[in-house]
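Notes follow the structure.
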Amino acid sequence: MSKIFLSAILACLCACNCSTDKPAPDGGPDEIPDTPVVVKKDVVAYVTTENGYSQFERSSFDFGKPASMSPYQITYDMTDLESWSVDGFGLAVTTASCYNLMQMDQADRTAFLEETFSREKGAGMSLIRVSIGASDFCLADNYTWCDKEGLENFAVHSEDKTYLFPVLKEIYAINPDVRIIGSPWSCPRWMKCQMPGGNTWDVSRFNEPVTDESTFNSWTGGRLKPSCYDEYAEYFVKWIQTMEAEGFDIHAITMQNEPLNPGNSMSLVMPWQDQKEFVKVLGPAMDKAGLADVKILLFDHNYNYDDKEGQDNYPLNIYADPEAYRWADGSAWHAYGGNVTELDEIQSTYPEKSIYFTEASIGTWIGGYEDRWNFNFLSNCLLNDFSSMFIGTLKRGGSGVTLWNLMLDDKRGPYSMHDGSCKTCYGGVTINSADYKTIVKNSHWFDCAHASAVVKPGAKMMSYEGFKLPSGMEMLMYLNPDNTVGVIICNKNSAEQRVVFVNTKHSVSFMVPAKCVASLIWQE
């Protein structure tokens, strides 16, 4: 085979977006070397289609010439960057997920964790969420790290020591730059008092101040005693210090998971009035302990504020207090109610404050998941969730996205047996409890993988102009710290669409398949 003929074939392959990562001989049959030669291409692309035909499928191709007359031409500007940067994407590492992981053979577990967290061998996920104490996906009874009254009794709970710590250590061995957002499901019960009126479900009284500090010895509901603000702040300090001493980077904490939900298996009602006062105690306590670099995020609940009267604009109400504003770095959001457009006012009013999306789950309520070993689940969540939770959050100043539960088994567990826990949730991946070997990746794993693979920690969104994307197609472009360009695309349309990215040095032509999430990355 002549070199000229081979070059023509390779050029055709590149123009068709086909992968040329396989060995490419440079001569006739007698000249093929014993050791394969890997031809490195300029652009790497990943595609997951709604029908599951392509699942994080990798291809690579070369740059084109810088000049292009394509009607689909997009010109990008690497100097016009947004001020905020990205911290990462990933899934929650609950003790339920850790239990499932630890039932796997070491080789299988390492392979999965590398595929998920490795920057060289996998998707490179870099942001995870961890519960401070138990969540509704734990093994033992509900717990905190100080269930006996008095902070002198603070200690790592055995469940976290047995399951969470070993898995986190394996993750950090694979990717030492992983960052953690920590959230409590409840404060220790001895720090709780009753809701005003003594009824934890009387949502009409969420806005009333606490007047009776009688201890409310329940995992569900209740309010934080104002007299315990100092002790609870020190509880957070001790938790952060303990985690970081183990080598786990605590990037941020929220003061309460779902503060307007009194009915979770573990919960604490923390209306914005309480959180405004508590952050003014927590912030100085963390600063005094040398933890000022750990972000304090407000809210950590739904876009619609769970329709609780007087709780609209929860973080905005807190930012309006100058002292609380000083200590609150930003806000965190869930998608179980309302719409991502709620972030428009949050971002426009306080653009300097960070925004994180911290929780959403997939589950039996969505439909289309009847056969957990099939790929029909993609049709329900892959595109809509990537559009709203990832692109929707990021273009509104978002710094990161974490979704709920890295790994659950085929029985959707293990989960807490207490009322209020989610017994219908699926994880980012499902593992077969019959062998703890067979894994099916669900839509949320693919969503996190697509964002993580091309938008690196420290990346900043950059501007582009030119071809107007058709309705039903969204795209964001980022400049990474290593001077690579990352592109994430969501195409909800039934037709494929070519896009051509152009600057003064080269062009990148890519055919975006119908109904897919796609990611591209190249070195400038």
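The values are calculated or read from the model by the stated rules, or taken from the named source; none is laboratory data. Note that the structure is predicted; figures quoted are calculated from it, not measured. Glycine gets a Cβ as well: all are built from the backbone with ideal geometry, and neighbour counts include every protein chain shown. We work out accessible area using only protein heavy atoms, side chains counted, and drop any ligands, DNA or RNA first. Shrake-Rupley method; radii C 1.70, N 1.55, O 1.52, S 1.80 Å.
Kindly state which strands (runs of 3 or more DSSP E) lie completely within segment 461-524 and contain at least 3 residues that are free of Cβ contacts under 8 Å to residues at least 60 places away in the same chain and either in contact with a strand residue (DSSP E or B) (Cβ under 7 Å, 6 or more places away or on another chain) or among the charged types (D, E, K, R) (or both).
484-491
Test SER509 against the stated conditions and say whether it is small (Gly, Ala, Ser), loosely packed, with under 14 Cβ neighbours inside 10 Å and on the phi < 0 side of the Ramachandran plot.
No; evaluated as a whole, the condition is false for this residue.
Picking from ARG119, ARG58, which residue would you name as being open to solvent by 10 Å² or more (accessible area, probe 1.4 Å) and without any contact (Cβ under 8 Å) to a residue 40 or more places away in the chain?
ARG58
Is there a residue being small (Gly, Ala, Ser) and either touching a strand residue (DSSP E or B) at 6+ places or on another chain (Cβ under 8 Å) or farther than 20 Å from VAL401 by Cα (or both) anywhere in segment 100-107?
There is at least one residue in segment 100-107 that is small (Gly, Ala, Ser) and either touching a strand residue (DSSP E or B) at 6+ places or on another chain (Cβ under 8 Å) or farther than 20 Å from VAL401 by Cα (or both).
Going by the conditions given, is TYR143 of a type in the set (Ser, Thr, Tyr), modelled with pLDDT of 95 or more and part of a loop (DSSP other than H, G, I, E, B)?
yes
Against the conditions (1) of a type outside the set (S, T, N, Q); (2) under 28 Å from the mean Cα position of the chain (by Cα); (3) at negative phi, where does LYS515 fall short? Just the number, please.
(3)
Please go through segment 153-177 and pick out each residue that is assigned to a loop (DSSP other than H, G, I, E, B) and either over 21 Å from ASP87 (Cα atoms) or open to solvent by 60 Å² or more (accessible area, probe 1.4 Å) (or both).
Once the filter is applied, which keeps residues that are assigned to a loop (DSSP other than H, G, I, E, B) and either over 21 Å from ASP87 (Cα atoms) or open to solvent by 60 Å² or more (accessible area, probe 1.4 Å) (or both), segment 153-177 yields PHE154, ALA155, VAL156, HIS157, PRO176, ASP177.
Scan segment 132-152 and tell me whether some residue there is under 25 Å from GLY400 (Cα atoms) and open to solvent by 50 Å² or more (accessible area, probe 1.4 Å).
No, every residue in segment 132-152 fails to be under 25 Å from GLY400 (Cα atoms) and open to solvent by 50 Å² or more (accessible area, probe 1.4 Å).
Out of the residues in segment 208-225 that are open to solvent by 50 Å² or more (accessible area, probe 1.4 Å) and in contact with a Phe, Trp or Tyr (Cβ under 9 Å, 6 or more places away or on another chain), which is nearest to PRO284 (Cα to Cα)?
If we take residues in segment 208-225 being open to solvent by 50 Å² or more (accessible area, probe 1.4 Å) and in contact with a Phe, Trp or Tyr (Cβ under 9 Å, 6 or more places away or on another chain), then THR215 is nearest to PRO284 (Cα to Cα).
Say we look at segment 254-306 and pick out the residues that are of a type in the set (Asp, Glu) and under 24 Å from ASP147 (Cβ atoms); which of these is surrounded by the fewest Cβ atoms within 10 Å (Cβ to Cβ)?
Residue satisfying both the conditions and the ranking: ASP274.
Could you please find all residues in segment 448-490 being among the aliphatic types (A, V, I, L, M), under 15 Å from ILE74 (Cα atoms) and out of contact with any Leu (no Cβ under 7 Å at 6 or more places or on another chain)?
LEU469, MET473, MET477, ILE489
Consider PRO457 against the criteria (1) surrounded by 17 or more Cβ atoms within 10 Å (Cβ to Cβ); (2) modelled with pLDDT under 95: it satisfies all of them except one. Which criterion is unmet?
PRO457 satisfies all of (1) surrounded by 17 or more Cβ atoms within 10 Å (Cβ to Cβ); (2) modelled with pLDDT under 95 except (2).
If I go through segment 79-106 residue by residue, how many of them are open to solvent by 50 Å² or more (accessible area, probe 1.4 Å) and either aliphatic (A, V, I, L, M) or in a loop (DSSP other than H, G, I, E, B) (or both)?
Qualifying residue count for the region: 6.
For segment 178-207, give me each residue that is under 30 Å from LEU91 (Cα atoms) and open to solvent by 10 Å² or more (accessible area, probe 1.4 Å).
The answer is ARG179, ARG189.
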